[in-house]
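Below is one structure, written out as structure tokens, with a few remarks after it.
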Amino acid sequence: MLHLQGPQMLQMLEKSLRKSLPESLKVYGTVFHMKQGNPFKLMALVDKWPDFNTLVIRPQEQEMTDDLDHYTNTYQIYSKDPKNCQEFLGSPEVINWKQHLQIQSLQSNLDDVIKNLVAIKLCKVKQTQCNLYMAYQTAKELFPSMVDAETLPLPGGKHNFINQEMFKFSSLDVTHAALVNKFWHFGGNERSKRFIERCIRTFPSFCLLGPEGTPMSWTLMDQTGELRMGGTVPEYRGQSLIYHVICAQLQALDKFGFPMYCHVDKANHTMKKINLKVQSVPMSCDWNQWKCVPC
């Protein structure tokens, strides 16, 4: 196991990962933020260098003090050789299988390896698989072969205009974390609320404030560059508010060169339509998350 440190190594890693898009997008986005000051205090581990086979990005040891906090105890994985990475992933120096944890990857073929490991480590696992979309701006820059101007919908399609007297564009405040947590599919508890608070403090967020000055619709970014936790309060749904928030988010973040992408539940046809409306490009690989709990 080797710990990649310093801007030169991270730059080399980023360049290498770029050749493996879109399957490496999750770790690519994480390395991008690590180069920007590493606000989540992550570390990149490889089996060998520079010609690595498997990469694991995880928090530093001092960050993983709560054995039950799988939001913090999160591992992003990319492997060039998924069939032969079990030994590396099974090392306690790489993954602490004694904790509640989650593994994120865009490689569905890691499923057998992870299930083998949880059986060996005496854990239970729950996999979530969603559709993956890459923002048009990111796809055009990083993966131009995926961008087909003839098949993409025209930008700025028909949509409802915002009542600017009722709604105001803004950013989320940490005090809004409880509201976001209430409607986040993977949240709803104190540990997820702390994770949301950390994302709000660390990364750009976007929302529309309603007449009472509280968020009616919002979206955030996490430590991997993914646009996540978007939502709209029930009484304001059906007004295309989240569409306007996403448009504002994509326009603002594009100026900083962030790799932008998101996942959508396979049954969420509304968000699929919105992603196509903002010209997000559907990817050939799926978004995967494995939540592992020791028995």
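The values are calculated or read from the model by the stated rules, or taken from the named source; none is laboratory data. Here the structure is a predicted model, which is why all the values come from computation and not from measurement. Cβ coordinates were reconstructed from backbone atoms using ideal geometry, including for glycine residues, and neighbour counts include every protein chain displayed. What goes into the accessible areas is simple: the full protein's heavy atoms, side chains included, and nothing from ligands, DNA or RNA. Shrake-Rupley method; radii C 1.70, N 1.55, O 1.52, S 1.80 Å.
Could you look through the range 41-95, keep only residues that are aromatic (Phe, Trp, Tyr) and open to solvent by less than 20 Å² (accessible area, probe 1.4 Å), and pick out the one that is farthest from Pro7 (Cα to Cα)?
Going through the qualifying residues, I end up with Tyr71.
Pull out all pairs, ordered by first then second residue, where Cβ-Cβ is under 6 Å, the residues are six or more apart or on different chains, the first lies in the range 128-144 and is closer than 16 Å to Lys273 by Cβ, and the second is open to solvent by 60 Å² or more (accessible area, probe 1.4 Å).
Cys130/Asp265; Asn131/Lys266; Tyr133/Pro282
Are there strands (runs of 3 or more DSSP E) fully within the range 205-277 with at least 2 residues that are touching a Cys at 6+ places or on another chain (Cβ under 9 Å) and more than 24 Å from Lys26 (Cα to Cα)? List them.
Hits in the range 205-277: 215-221.
For the range 69-97, which residues satisfy the criterion of being modelled with pLDDT of 95 or more, charged (D, E, K, R) and under 23 Å from Leu17 (Cα atoms)?
Matches in the range 69-97: Lys80, Asp81, Glu87, Glu93.
Which of the residues that make up the range 75-101 are in a strand (DSSP E or B) and either within 20 Å of Leu122 (Cβ to Cβ) or free of Cβ contacts under 8 Å to residues at least 60 places away in the same chain (or both)?
Across the range 75-101, the qualifying residues are Tyr75, Ile77, Ser79, Leu101.
How many residues, within the range 29-74, are part of a strand (DSSP E or B) and either more than 22 Å from Gly90 (Cβ to Cβ) or among the polar types (S, T, N, Q) (or both)?
Total satisfying the criteria: 2.
Can you tell me which of (1) crowded, with 19+ Cβ neighbours inside 10 Å; (2) of a type outside the set (D, E, K, R); (3) out of contact with any Pro (no Cβ under 6 Å at 6 or more places or on another chain) is the one Asn116 doesn't meet?
Result: Asn116 fails condition (1) only.
Please work out if Leu253 is touching a residue at least 12 places away in the same chain (Cβ under 8 Å), over 17 Å from the mean Cα position of the chain (by Cα) and surrounded by 15 or more Cβ atoms within 10 Å (Cβ to Cβ).
Considered against the rule, which asks whether it is touching a residue at least 12 places away in the same chain (Cβ under 8 Å), over 17 Å from the mean Cα position of the chain (by Cα) and surrounded by 15 or more Cβ atoms within 10 Å (Cβ to Cβ), Leu253 comes out as no.
May I ask you to list the residues in the range 246-295 that are among the hydrophobic types (A, V, I, L, M, F, W, C) and over 26 Å from Phe169 (Cβ atoms)?
Ala267, Met283, Cys285, Trp287, Trp290, Cys292, Val293, Cys295 - these are the residues of the range 246-295 that are among the hydrophobic types (A, V, I, L, M, F, W, C) and over 26 Å from Phe169 (Cβ atoms).
Using the structure shown, decide if Thr232 is farther than 28 Å from Gln36 by Cα, open to solvent by less than 50 Å² (accessible area, probe 1.4 Å), modelled with pLDDT of 95 or more and in contact with a strand residue (DSSP E or B) (Cβ under 7 Å, 6 or more places away or on another chain).
Here the answer is yes, as Thr232 does meet what is asked.
Could you check the range 23-40 and list, in sequence order, the residues that are touching a strand residue (DSSP E or B) at 6+ places or on another chain (Cβ under 6 Å) and open to solvent by 10 Å² or more (accessible area, probe 1.4 Å)?
Met34 - this is the single residue of the range 23-40 that is touching a strand residue (DSSP E or B) at 6+ places or on another chain (Cβ under 6 Å) and open to solvent by 10 Å² or more (accessible area, probe 1.4 Å).
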